[in-house]
1. Report the relative contact order of region 450-586, percent, no decimals, based on alpha-carbon pairs under 8 angstrom and at least 6 residues apart.
2. Over all distinct alpha-carbon pairs, what is the Kirkwood Rh of the chain in angstrom?
3. For region 276-370, what are the per-bin percents of Cα-Cα distances with bins 5 Å wide, up to the bin holding the maximum?
4. Taking N as the number of residues in region 507-618, what is its Cα Rg relative to 2.2 N^0.38 Å?
5. Could you check the simple spin-label distance between residue 209 and residue 490, using points 7 Å along Cα→Cβ, in nm with one decimal?
6. Across all directions of projection, what mean area in square nanometres is found for the Cα convex hull of region 114-220?
7. Only helical DSSP H runs with n ≥ 4 go in: add -39500 (n - 2.57) per run for the chain, normalise by residue count and round the 222 nm mean residue ellipticity to 500 deg cm²/dmol.
8. How high is the relative contact order of the chain? Use alpha-carbon pairs under 8 Å, at least six apart in sequence, and give a whole percent.
Ligand code: K7E
Ligand code: CUA
């Protein structure tokens, strides 16, 4: 019974029998309606056991550095994919390859996922991630849900304003949140405005090898670049970045970076910049090509936008871009056509750090009074936009054509980003939207004082919005993207590649080779045994000498769906998993003599508990 009903019940009794009857009759009726609503809402999100969700929700894991994969509409958490931080469950960062990829980093801060696109639509090949904490970008292969490459990017500090892919995934762009002196040299804060720079990296994905590389970088003024979106359709070839701290404050930004009534949206012509770099218009800096748009003008323009805008979002047709002014009660919609016109006519209201500032009145299309604290905007297939209101704890639906607010829906609480089905692409879905809330407070069973973040699932198929589901989320989804499940084609088992380095495909071929102090174990894992040396009396034992380095090259020869083995070494602080048909190498130092049991850590068969062996380290 809800509090309202209790109160009305008490009031009803106090007011006498007749009135009581009327009261209860009344409220029972509305309660029935509410029950019926809850029932139909439950049906909307119910996905029966064994049935699959229609969509994947790919949520960034913020300062956990990981990717969280949910099913929609059930909101079931399906998988945590390690990206920027080690993961003991899978041994990510433990085995040789992923250890090298992580390169000693203990954490990452993953804000914005970006699914690869073809013709402005998600193509399901890869998901790109960026790490604000340690200046990295990652390639996550969506066939295996494995991180296959991590790129450390020089000359930058905090690529928050990233990553966004261009409509055919030519590039992903990573502009920075922090400005630092170019070339890593010490420079005092008193020289901030002259010597500090924002830097935008253009990173090129290689879909053959599932890797990334820096194509070039662009020098930008010493401002904070917050969020970005790629142009498409009418604005194809362009990119849009939001800025704050155009005041160039170096301390107490809370106050000092909020002084100006307007900051800027940076418009840049990436096609032109790419051509200029191709033509040799760059300088080398720490091994990358650094392009300076002040030296080679005509590719970067500024558009004034109300006070410290957060998100900037391009409409599905590419004809408008929308700035969400976190400190103003409006979102501002600009016209791409008008911006091009202003550039052509040199209709500038001034300049900042050497870049032309387009005249606000010439470029603005409308200012929409959405409510307090607008942060991010997504789209549906019916010409509507959806904007989060952090301060009002609401999602607001408004019409792009009329600029009128259509509906507001309460969420719990303080939404940051939101994700609609393919809602940032050229072809949004229009049925579901997830509000990614920063504060959950009392929404779930308490694990206080700190609670999880929360996600509210909103049905946006009708005229009005309705929250129909909710799930706690792991730290901390900044952005998420929702992709049609039929676009993701996963690998069931890794191919049996006879030529694969370090792989052994028959248990009879498992053997151990010594090379000085290095011991190479070419072993297999299968239900329900490890075989390290087929010719030994104890094929599941490895005997080495104190001071040796042991390289376990293990192939999981069980090529059956979902038969994953793990290999933990007791007392050794090592564990890694080997998925069906996969080969992995784990290198350990045998620096202490002793007897160390080895066991399978992934429950794989009725005799899983018997899947053991020994690492025997003889004293010197
Ligand atoms: Cu949290 Cu996209 Cu980093 Cu907005 S950002 S909320
Ligand atoms: Cu293999 Cu458990």
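Please treat every number below as a calculation from the coordinates, not as lab data. Everything numeric here is computed off the predicted structure, so don't read it as measured data. Every residue, glycine among them, receives a Cβ derived from its backbone with ideal geometry; neighbour counts consider all protein chains shown.
1. Contact order relative to length: 18 percent.
2. Hydrodynamic radius (Kirkwood, Cα pairs) of the chain is 26.9 Å.
3. Reading upward from the zero bin: 3, 12, 19, 18, 17, 14, 10, 5, 2, 0.
4. It is 0.98.
5. Going by the 7 Å Cα→Cβ label model, 2.8 nm.
6. Result: 6.6 nm².
7. -3500 deg cm²/dmol
8. Contact order relative to length: 10 percent.
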